[in-house]
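I have placed the structure first, in the form of C-alpha cells, so that the comments after it can refer back to it.
The values are calculated or read from the model by the stated rules, or taken from the named source; none is laboratory data. In this text, all values refer to a predicted model and were calculated from it rather than measured experimentally. Side chains are part of the model used for accessible areas, which takes the heavy atoms of the whole protein and leaves out ligands, DNA and RNA. Shrake-Rupley method; radii C 1.70, N 1.55, O 1.52, S 1.80 Å.
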Amino acid sequence: MQDEASLHARESAAFPAFTRGLTVAMMVILIVTGMAQVPQLRAADWSTSGAVLFGSTALLVLWMGTWIVRSRTRLDDDVLTQTWLWNKRVRVAEVASLKLVFLPWFQRVMAPRLLVRQRGGGMTWIHSADPQILLEFMARVAQRDPTKKVP
C-alpha cells in the first residue's frame with residue numbers, strides 16, 4: 001500500500017512530446033544516413049584519434065538523445081527530481097532562490113525549466129513538460145518555514 005505522500009506525487013516527462021519526437025526522428029535520420037555512408041567511412045584513411053573522436057561523437061549523440069526521450073520529472077513531497085545522465089534532486093529546505101524560465105507560446109517545443117540555487121552554492125536546472133510541477137515546487141518553497149534548519 002502506498003503512503004499518503006506518494007499519493008500526492010506528480011510526475012511528467014521532462015521534455016515536451018514534440019521535442020522528444022523530433023529527437024527520435026533526428027536520431028533515426030542520423031543512423032540511416034550513417035549506415036548509408038559505411039562504405040565511404042570504411043574506405044577513408046582514419047587516424048586512431050580521428051576514429052575515436054568520430055565514434056565517441058556518435059555514441060554521445062545517441063546517449064543524449066536517449067536521455068531527452070527518457071527523462072522524467074517528479075515532485076514527491078518536498079523533493080523535486082529529474083532523471084538525466086545523473087539524477088538531479090532538490091529539496092525545498094535546500095533552496096536559496098528560484099528562477100522560472102517559461103515561455104507559454106513555445107511550450108510545445110521548449111520545456112519550462114526552473115533554475116534552483118541551493119544554499120550550499122550549487123545550481124541546478126530542472127526541466128518539466130508540465131509547468132504545474134515546477135509551480136507547485138515553487139509554492140512549497142515559498143511556504144516553508146525559514147527558521148527550520150536544513151537536515
Residues located in segment 22-40, provided they are of a type outside the set (A, V, I, L, M) and open to solvent by less than 40 Å² (accessible area, probe 1.4 Å): Thr23, Gly34
Within segment 109-130, tally of residues that are part of a strand (DSSP E or B) and not aromatic (Phe, Trp, Tyr): 10
Enumerated strands (runs of 3 or more DSSP E) restricted to segment 42-108, each holding at least 2 residues that are open to solvent by 60 Å² or more (accessible area, probe 1.4 Å): 72-76, 88-91, 95-101
